[in-house]
Amino acid sequence: MSNDELLFFTSMPQMLPLYTALRDQLDQLHPDVTAKVGKTQISLRNRYVFATVSLPWRKVKGWPEEYLLLSFGLSYRKEHPRIALAVEPYPNRWTHHVLLTCLDDLDETVMGWVEEAYQFSMEK
């Protein structure tokens, strides 16, 4: 993990273990994944960005105060109660947002979605 990734969590260090667990799982499955740190998010990419993580930047009614927002792209809208929001910024390009608050949230279901997003990005 890069120093920039570590510094990204300065404002909410309690979310770093969750991000570390996500990166560790991704590194085991896909050693080619790289992270690009921006001001508001970390982009996870192979040839293309397939997922991003970000910290809360404003309060959203009904959402917890502390979470890691995992966003990933698919060609269709996935319906699941754990998906907080799904938007279609382009035809057949759905961005899904999942709130992660603890390590247990990073389960097989979520990692399956991330894997699906990884594979989808490889088909572009």
Inter-residue pairs, beta-carbon under 6 Å, first within 17 Å of Leu18 (Cβ to Cβ) and in the stretch 111-123, second among the small types (Gly, Ala, Ser) and not in a helix (DSSP H, G or I), 6+ apart = Val114/Ala51
Since Met1 meets every condition but one in (1) over 23 Å from Asp107 (Cβ atoms); (2) loosely packed, with under 15 Cβ neighbours inside 10 Å, which condition does it not meet?
-> (1)
If you scan the stretch 25-55, which residues turn out to be of a type in the set (S, T, N, Q), in a loop (DSSP other than H, G, I, E, B), more than 10 Å from the chain's Cα centre (by Cα) and surrounded by 13 or more Cβ atoms within 10 Å (Cβ to Cβ)?
-> Asn46
Inside the stretch 60-87, can you point out the residues that are loosely packed, with under 15 Cβ neighbours inside 10 Å, within 17 Å of Val49 (Cα to Cα) and touching a Ser or Thr at 6+ places or on another chain (Cβ under 8 Å)?
-> Val87
In the stretch 7-24, which residue that is of a type in the set (Ser, Thr, Tyr) and part of a helix (DSSP H, G or I) is surrounded by the fewest Cβ atoms within 10 Å (Cβ to Cβ)?
-> Thr20
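Only the coordinates and a few stated rules stand behind these numbers; no lab work does. Since this is a predicted model, take the numbers as computed values, not measurements. Heads up, the Cβs are rebuilt from the backbone with ideal geometry, glycines too, and the neighbour counts pull from every protein chain shown.
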